[in-house]
């Protein structure tokens, strides 16, 4: 399955909508897009995983890398995820303790 990426602005946050599968083959495309956003001086990035069907450890690494890059540049970074199958991966790896996770874009933009 392919990876789809689309951006939109919600309440001064740039939301990167991700769809499909995030794995070793598609993760570089996601990494590049997050880097483009942060290199473009965007100060609030939200990665919306609402349309993601599958994510492996490579995808998790991309999200952690994006969070670190945002933190280093003074930007905020959050992840929207409401699918139990993906949330389980965040909990097993303890990344739910590091990455700001939100159940919806509305919740992410309100914080």
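Throughout, read-outs are computed from the coordinates displayed, never taken from laboratory work. For clarity, every value in this text was computed on a predicted model and none was experimentally measured. For neighbour counting, all protein chains shown are included, and Cβ atoms are generated from backbone atoms with ideal geometry for every residue, glycine included.
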>> Using the basic label-point model (7 angstrom from Cα toward the beta carbon), what is the residue 23 to residue 6 distance in nanometres?
In response: 2.4
>> Using helices alone, I'd like the mean residue ellipticity at 222 nm for the chain: each DSSP H run of four-plus residues gives -39500 (n - 2.57), total over residue count, nearest 500.
In response: -12500 deg cm²/dmol
>> Please compute the length gained on full extension between residue 88 and residue 64, using 0.36 nm multiplied by the number of residues separating them and subtracting their Cα-Cα distance.
In response: 7.0 nm
> What shape does the chain have by the C-alpha gyration tensor, where a ≥ b ≥ c are the square roots of the eigenvalues, rounded means a/c under 1.5, and otherwise prolate means a/b greater than b/c and oblate the rest?
Replying inline: rounded
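Can you figure out the FRET efficiency of residue 104 with residue 54, using R₀ = 22 Å and their beta-carbon distance, to the nearest 0.05?
Values: r = 21 Å, r/R0 = 0.94.
With R0 = 22 Å, the Cβ-Cβ based efficiency is 0.60.
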> By the gyration tensor of its Cα atoms, with a ≥ b ≥ c the square roots of the eigenvalues, what is the shape of the stretch 27-71: rounded for a/c under 1.5, prolate for a/b over b/c, or oblate?
Replying inline: prolate
